[in-house]
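Notes follow the structure.
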Amino acid sequence: MTSAAFDVLGIGNAIVDVLTKADDAFLSQHGLVKGSMMLIDEARADTLYAAMGPGVEISGGSCGNTMAGVASFGGKGAYIGKVRDDQLGAVFGHDLRATGVSFETASATTGPATARCLILVTPDAQRTMNTYLGACTGLGPNDIDTARVGAAQVTYVEGYLWDAPAAKQAVLKAFDAAHAAGRKVSITLSDSFCVHRYRDEFRDLVRNKVDILFGNEAEIKALYEVETFEQALEAVRKDAKIAALTRSEKGSVVVKGSETYEVPAAPVAKVVDTTGAGDLYAAGFLFGFTHGKPLAECARLGGIAAAEVISHVGARPEKALSGLV
């Protein structure tokens, strides 16, 4: 196997985040389920945006956040995702490249506008996300550069991509290219609602294609339709090569065959916004993994990254994660 030009190549929905503070009454008024991610159409996006308070716009998307985190640790990252050739598309590309991540996917010149996610942060630090996928849905197999995939130690994707059939085909093409080059592939379950939509496909992926699985407690219980985390842990142990599972303030658990590593959460003075916690955990874990660290240390690095991102508003690091190790 040849040396890798990139530690991690991410494939995801290229989205610009719009974050604002809201109370429970606002969520109820607009029929929103706290802590969920709901897909919305352009009309609903316009309505919610008009009703929201002052917001902060920043390039986001689950996988984009992870790649920014890998770069913040000092890792070499690349990203594949679709934007439109509009203002938000230019902002997304600039922000991601500014973190040091390589982003060369051609912008769409026709069709829907660049995607955006309207994120409502309640006083308990929970985030409720409303996503208009827009140009994201244009990602397809033709956007997958198999040479770039083969040049990355790990190809990492978000489960959200299963919502667009062409994007799913792009991911499967990338997985095959990665394995053909002797590389690893990884997926995050993204959201328990996403798991409910694609449970059978995700379970097949975990058994047959994925090398590293990421998920939180709710997602892994949803995947196996069980009541307790312990039941889910034993089920995923049988299916996954490596599973890294987050449990908020309880830290994370990593399983690999009969091996189990329980790692406490990193300390955080005050939880301000949980947006991006899972994304940054994956960043730390994958940085450690691609630099030959033991699994427990990979989980510790994930916890450090998650703790940094939940200490402020926004889903990308404000401090260089390389300085926190």
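Throughout, read-outs are computed from the coordinates displayed, never taken from laboratory work. Here the structure is a predicted model, which is why all the values come from computation and not from measurement. Using ideal geometry, Cβ is built from the backbone for each residue, glycine included, and neighbour counts are taken over all protein chains shown.
In terms of other Cβ atoms within 10 Å, SER72, SER59 run from fewest to most in the order SER59, SER72. If you take all other residues with their beta carbon under 15 Å from the beta carbon of GLU42, and give Lys and Arg +1 and Asp and Glu -1, the sum is 0. Note on VAL313, VAL91, VAL149: ascending count of other Cβ atoms within 10 Å places them as VAL91, VAL313, VAL149, the fewest first. For region 9-110, trypsin sites (Lys or Arg not before Pro) are listed when DSSP marks them as loop and at most 14 other Cβ atoms sit within 10 Å of their Cβ; the list is LYS34. Above 13 Å, the calculated P(r) of region 118-181 contains 67 percent of its Cα-Cα pairs. Using the alpha-carbon positions of region 233-282, Rg (one decimal) and Dmax (whole number) come out as 12.5, 37 Å. Taken over region 221-325, the alpha-carbon convex hull comes to 99 cubic angstrom per residue. In summary, region 11-62 shows an alpha-carbon radius of gyration equal to 1.18 times the 2.2 N^0.38 Å reference for compact globular proteins. For region 145-277, a simple Cβ point-charge model (Lys and Arg +1, Asp and Glu -1, everything else neutral) yields a dipole of about 400 debye relative to the Cα centre.
Each eigenvalue of the Cα gyration tensor of region 167-240, multiplied by 5 and square-rooted, gives one semi-axis; in descending order these are 23, 13, 9 Å.
Annotation: amide H-H contacts under 5 Å for ALA108 (H modelled 1.01 Å from N, sequence separation of 5 or more, or interchain): VAL83, ARG84, ASP85. Measuring between their Cα centroids, region 254-294 and region 156-231 lie 18 Å from each other.
Rg/Rh for region 144-268 (Cα atoms only, Rh after Kirkwood) is 0.98. Dipole check for the chain: with +1 at the C-beta of Lys and Arg, -1 at the C-beta of Asp and Glu, and the Cα centre as origin, the magnitude is about 680 Debye.
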